[in-house]
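Okay, structure first, notes after.
The values are calculated or read from the model by the stated rules, or taken from the named source; none is laboratory data. Here the structure is a predicted model, which is why all the values come from computation and not from measurement. No Cβ is skipped: glycine too gets one built from the backbone with ideal geometry, and neighbour counts run over all protein chains shown.
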Amino acid sequence: MFKALLLAIWYDLSDVALAEARSDRASFFCFCGFSRHETTPERTAFARFRRQLVEHGLDHRLFDAIAGDLEA
C-alpha cells in the first residue's frame with residue numbers, strides 16, 4: 001500500500017485515479033507487488049492507509065527515508 005501511495009504522489013493521482021491505474025497498468029502491479037489475481041483495493045483503502053500512517057507519525061519518516069535513498 002505504501003508503494004501505491006508513492007505512485008499517487010509521483011504521478012499526481014487521486015485515490016480514484018490510483019485505484020484505476022493500479023488495475024490497468026502492469027508497471028503499477030509490479031511496483032506495488034500486487035498479484036494480477038488480487039482485487040484492486042478500493043479508493044477508500046488508500047485513504048484509510050494514509051490516515052493510519054499519519055496517526056502513527058510514519059508519513060514523514062517514511063517519505064523522508066525514501067527521499068534520502070533517492071538522493072543517495
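Quick check on my filter: what residues within the stretch 1-47 are of a type outside the set (A, V, I, L, M, F, W, C), under 23 Å from Ala67 (Cα atoms) and over 10 Å from the mean Cα position of the chain (by Cα)? Please lay out each step first, then the result.
Quick first cut of the stretch 1-47, residues of a type outside the set (A, V, I, L, M, F, W, C) only: 3, 11-12, 14-15, 20, 22-25, 27, 33, 35-44.
If we keep only those that are under 23 Å from Ala67 (Cα atoms) as well, we get 3, 11-12, 14-15, 22, 27, 33.
Result: Tyr11, Asp12, Ser14, Ser27, Gly33.
So Asp15 passes all but one of these: (1) in contact with a Phe, Trp or Tyr (Cβ under 6 Å, 6 or more places away or on another chain); (2) at pLDDT below 85. Which condition number does it fail?
All conditions pass for Asp15, except number (2).
Taking the stretch 21-52 as the search range and keeping residues that are in contact (Cβ under 8 Å) with a residue 40 or more places away in the chain and either part of a helix (DSSP H, G or I) or among the hydrophobic types (A, V, I, L, M, F, W, C) (or both), which one is surrounded by the fewest Cβ atoms within 10 Å (Cβ to Cβ)? Outline the logic, then answer.
We begin by selecting, within the stretch 21-52, every residue in contact (Cβ under 8 Å) with a residue 40 or more places away in the chain; these are 41, 45-46, 49-50.
Of the ones still in play, those that are also either part of a helix (DSSP H, G or I) or among the hydrophobic types (A, V, I, L, M, F, W, C) (or both) are 45-46, 49-50.
Details: Ala45: 14, Phe46: 21, Phe49: 16, Arg50: 17.
Top of the filtered list is Ala45.
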